[in-house]
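The values are calculated or read from the model by the stated rules, or taken from the named source; none is laboratory data. In this text the structure is predicted, and so the values were computed from the model without any measurement. Using ideal geometry, Cβ is built from the backbone for each residue, glycine included, and neighbour counts are taken over all protein chains shown.
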């Protein structure tokens, strides 16, 4: 009960922070006719039967409120945030529960660097002792800790590096894509070496842009950041892509990857694409895992300690 009271106080501080910043709280649907196309994220699905749908309509429990929030932005909402439950199939463990709490917010007029500043302000408001803060590019991080340029190394070179670093089970792995090897090196070699405090990693490879803009550097980079606290990923933010045609291309590319992997093919969100075509304001947005933030706040080592009803007790 005391943990729940502490959690309630943290949620109140989060809402107080956004009220002081002039950011409006919104609510969007938990169930949608559309779902994320991201091949690495799996949706839970239910079915609506009733007036207008005698044969039933599949509804996807949202994995993030991003798509409807962007529709609000395109409609002129201004800065908005949401605290809500989200759902992801197949995710359970020390840092994962299939139902978890997400804080997501969007700031018109911000880029990803300015949004990092606000994320830092929020975390420092919520955590009693957040520790040192640093910002480092994805490329510099890999160069400093592993001696490799993540934008130019081949899949073979990254695999060899993983072997040299003693990542377990490499001999049996067949990962043809660079990004899979980069993710493996990030989780097994870089995250454990990040140390205490807040570490903002920014400017990811363009192939990992997701819904972020790509800046035409040499090589191009995604205007995306992630926040790690004590080596644990807590937030993922973008300078948001506003190009409807490019967003459709990425959705179609995701669906092709899903098809190749024999994964379900959820319907892409045509309402989001229509909103982007009508005009999304230049903005940055971020999704922050509230449960992981609270874990850090009270020193918990398992997500089950910070939620009232984890999966096995739901």
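Meeting the requirement of 2 or more residues that are out of contact with any helix residue (DSSP H, G or I) (no Cβ under 9 Å at 6 or more places or on another chain), surrounded by fewer than 18 Cβ atoms within 10 Å (Cβ to Cβ) and modelled with pLDDT of 95 or more, the helices (runs of 4 or more DSSP H) wholly within region 138-249 are 138-146.
Looking only at region 124-137, count every residue that is assigned to a loop (DSSP other than H, G, I, E, B) and in contact (Cβ under 8 Å) with a residue 60 or more places away in the chain and tell me the total.
So the count comes out to 5.
Criterion applied to 38, 111 was being touching a strand residue (DSSP E or B) at 6+ places or on another chain (Cβ under 6 Å), touching a residue at least 12 places away in the same chain (Cβ under 8 Å) and surrounded by fewer than 20 Cβ atoms within 10 Å (Cβ to Cβ), and the one residue passing it is 111.
Matching residues to (1) outside any helix (DSSP H, G or I); (2) over 29 Å from residue 278 (Cβ atoms); (3) touching a strand residue (DSSP E or B) at 6+ places or on another chain (Cβ under 8 Å):
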| residue | (1), (2), (3) |
| --- | --- |
| 11 | no, yes, yes |
| 54 | yes, yes, no |
| 63 | yes, no, yes |
| 83 | yes, no, yes |
| 86 | yes, no, yes |
| 107 | yes, no, yes |
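The condition of being part of a helix (DSSP H, G or I) and either in contact with a helix residue (DSSP H, G or I) (Cβ under 7 Å, 6 or more places away or on another chain) or modelled with pLDDT of 95 or more (or both) holds for residue 295. Applying the condition of being part of a loop (DSSP other than H, G, I, E, B) and touching a helix residue (DSSP H, G or I) at 6+ places or on another chain (Cβ under 7 Å) to region 265-292 and asking which residue is surrounded by the fewest Cβ atoms within 10 Å (Cβ to Cβ) yields 265.
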